[in-house]
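Reading through the structure tokens given below for one structure.
The values are calculated or read from the model by the stated rules, or taken from the named source; none is laboratory data. Note that the structure is a prediction, hence the values are computed from the model and not measured. Heads up, the Cβs are rebuilt from the backbone with ideal geometry, glycines too, and the neighbour counts pull from every protein chain shown. Each accessible area value is taken on the protein alone, full model and side chains, heavy atoms only, with ligands, DNA and RNA left out. Shrake-Rupley method; radii C 1.70, N 1.55, O 1.52, S 1.80 Å.
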Amino acid sequence: MRYHAPASFDEAAALAAASQGVLRFLAGGTDVLVQMRAGMVQPDDLIDLKHIPGVGEIAATPEGGWRIGIAVPGIALGAHAGLRRDWPALRVVVMSAHG
């Protein structure tokens, strides 16, 4: 298995385009790592997106919405004061998904 930690989405896309065989992306990691440990998948290339700036951030947008990075864990969504204020049901959904 070849492990890649690109510094940008452009770099990740180039790595994916060049990949031959089984490719998986790692953001939060839960699904891919569980599948690997269970022997369900053994990727030839594993592209870890967590090193790309901004993927772990929650930020308000100028338009009044939210930008949520692909590597933000569910527990952080439910704990974020601004999201809880704007989307009160989010906390209930996220918290029930985590027990």
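Tell me, what is the percent relative contact order of the chain, built from C-alpha pairs under 8 Å that lie six or more residues apart?
25
Tell me whether segment 4-83 comes out rounded, prolate or oblate; compute the Cα gyration tensor, take square roots of the eigenvalues as a ≥ b ≥ c, and use a/c under 1.5 as the rounded threshold.
oblate
Determine the gain in length on full extension of the stretch Ala38-Ala14; use 0.36 nm per residue of separation and subtract their C-alpha separation, reporting nm with one decimal.
5.8 nm
Rounded to the nearest 20 debye, what is the charge dipole size of the chain about its Cα centre when +1 sits on each Lys and Arg Cβ and -1 on each Asp and Glu Cβ?
380
Give me the percent of accessible area attributable to carbon and sulfur for the chain, probe 1.4 angstrom. Before the final figure, lay out the partial values.
Details: 3670 of 6340 Å².
Carbon-and-sulfur percentage of accessible area, whole number: 58.
Which one of Trp66, Val55, Pro88 is farthest out on the positive end of the charge dipole of the chain, using unit charges on Cβ (Lys, Arg +1; Asp, Glu -1) and the Cα centre as origin?
It is Pro88, whose Cα lies furthest towards the positive end.
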